[in-house]
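Below you'll find the structure, written out as structure tokens, and then a few comments.
Quick note: the coordinates plus some simple rules give every number you see, no bench work behind them. Note that the coordinates shown come from a computational prediction; the quantities given were computed from them, not determined experimentally. Note: ideal-geometry Cβ built from the backbone for every residue, glycine included; neighbour counts use all protein chains shown.
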Amino acid sequence: MSKSYTLKQPGRIAYDAGVIKKFWEEKIELHTKQLQSEDMRTRRSALDRLRGEWARMLEGRNKMLQGPPRPPHGCLLGPQPSHARDTTAA
């Protein structure tokens, strides 16, 4: 800034370019550290693992519900025919 400008605007403060550069470098460094700490926090979080488990459980449940109907566990569909056994391999 020129002297004439600073005299016309006494409320304005002019800084050296090095001071401004240092200020923004510190801001960027602080922001980078904050991003890294947030990244570490999210990687340590169990949320992704829990989401994966829930997704697998829901996928299995959806497959079960969309699949062919199955008889209840331990219940037979009906009497098994006695002639179904292979008698030729005796």
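A few notes on this one:
- J(HN,Hα) series, the range 35-50, from Karplus relation 6.51 cos²θ - 1.76 cosθ + 1.60, nearest Hz, glycine and proline x: 5, 5, 5, 5, 5, 5, 4, 6, 5, 7, 5, 8, 4, 4, 5, 5
- Between residue 51 and residue 25, the contour length at 0.36 nm per residue exceeds the Cα-Cα span by 5.6 nm.
- Here the range 41-56 is scanned for amide nitrogen atoms under 17 Å from the site 7 Å beyond the Cα of residue 66 along Cα-to-Cβ, giving 55-56.
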